[in-house]
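The values are calculated or read from the model by the stated rules, or taken from the named source; none is laboratory data. These figures come from a predicted structure and were not determined experimentally. A quick note on method: Cβ atoms are made from the backbone with ideal geometry, for glycine too, and the neighbour counts reach across all protein chains shown. For the accessible areas, the whole protein counts, side chains as well, though only heavy atoms, and no ligand, DNA or RNA atoms are used. Shrake-Rupley method; radii C 1.70, N 1.55, O 1.52, S 1.80 Å.
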Amino acid sequence: MRCEWPWATGLVASALLAALAPQALAADKDGGTPLASVRINDRKAFPRLPADAPQAVWYGFAPGHGHGMGCGLLAHGATVIDPLVEPGEDGEWPSCMGVPDATSFDWKGQPVFVYRYLQRDTREDTYTYDAFVRVGADGLEGVEGLEDEPPKLSIAKAAAWAKSTLAAADAATDGFQPSKRDTVLAEHGYLLVARNAANGNCRIVADRLAGGGAPALLTQPCKAILATTSLSTPQSDWLVAMVRAPDGKPQGRVFEAGATAVREATETEAKLAGAVASGKILVVKAALKQLVGH
């Protein structure tokens, strides 16, 4: 039976769906859509996902059941689809217009998949949403804590937002208050800065989206978070955090998120010391651009 799935309701039209409802994807598979009961229009594997990642399927229903289309995810070897969008009782709306893109990021050694899909609510209104899922012990499940994705992000930056949000939750558990204003989302990674008011320390986390390996993580005394910036080059994302040191002077930390690793670029920090001393992040970014190119 087709229905309007819980994670496709009550959405702000101008915003991207931040996360597939975990309880919906973790539901009993009998609540899914049997593959044999639908007409598959498109079955897609994405080059940026691992070979064993769930495929996106776009499908219609038997004649006499309306013209609305559904789309969902089909895990490797599964015979039941986990729907992203399916029409309601009228058989027409909402209707899925396809799953055009997908990517993934590594979180604590396991991949999180990001699927972007198009949901048409009326003839005039079509919206873009993202679903963040992973393979759990009982099949596909949504990732908790990703409910407030900002609108109009590229799919790469949506993945960076999701990973930085999970890292922010970890920092908060340790007593650090992340600064949303100073979180940097880049095409290949992210930068997170958080401060613990109780002990006067700042935590700075820089990480890539793809592949394993530990993030670059620094904890240091600081009086305040001043600003952040980034610069993308064909080879790397350069991520900069500027904090106020205990002596009141600005201090800069620079990270390079490359194709295979992320590192603190201490040699670049030394070259940017004069720009950092100005306390102006635009001066720092201009100096960084001269150093690494754009």
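Which whole-number percentage describes the relative contact order of the stretch 58-104, with Cα contacts under 8 Å and a sequence gap of 6 or more? The partial results should precede the final answer.
On the way: 74 pairs, mean separation 16.2, N = 47.
Relative contact order, the stretch 58-104: 35 percent.
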Inset, instruction - Could you check which residue among Leu74, Leu239, Leu217 shows the biggest mean-square fluctuation in a GNM of the chain with a 10 Å Cα cutoff? - result: Leu217
Inset, instruction - Determine ³J(HN,Hα), in whole Hz, for all residues of the stretch 39-51 in sequence, where each value follows from phi through the Karplus function 6.51 cos²θ - 1.76 cosθ + 1.60 and θ = phi - 60°; x replaces Gly and Pro. - result: 9, 7, 8, 8, 9, 10, 10, 9, x, 7, 9, x, 4
Legend entry - About the Cα centre, charge dipole magnitude for the chain (Lys/Arg +1, Asp/Glu -1 at Cβ), debye: 1380 debye
Legend entry - For the stretch 28-142: relative contact order, % (alpha-carbon pairs under 8 angstrom, 6 or more apart): 18 percent
Inset, instruction - Can you send over the carbon and sulfur percentage of the accessible area for the stretch 50-132, probe radius 1.4 Å, protein chains only? - result: 52 percent
Legend entry - Difference of contour (0.36 nm per residue) and Cα-Cα distance, Arg48 to Ser232: 64.3 nm
Legend entry - Relative contact order (%) - the chain, alpha-carbon pairs under 8 angstrom, separation at least six: 12 percent
Legend entry - In order through the stretch 114-119: 3J(HN,Hα) via Karplus (6.51 cos²θ - 1.76 cosθ + 1.60), integer Hz, x for Gly, Pro: 10, 10, 9, 9, 10, 10
Legend entry - Cross-link table Lys180/Lys223; Lys44/Lys152; Lys249/Lys271; Lys223/Lys280; Lys152/Lys285, entries beyond 20 Å C-alpha to C-alpha: Lys44/Lys152; Lys152/Lys285
Inset, instruction - Would you mind getting the accessible area per residue of the chain, heavy atoms of the protein chains only, 1.4 Å probe, in Å²? - result: 47 Å²
Inset, instruction - Determine the equivalent ellipsoid of the chain by diagonalising the alpha-carbon gyration tensor, then write out the semi-axes as square roots of 5 times the eigenvalues, largest first, rounded to whole Å. - result: 42, 17, 17
Legend entry - Most positive-pole-ward Cα, Ala162, Ser236, Pro111, against dipole of the chain from beta carbon charges: Ser236
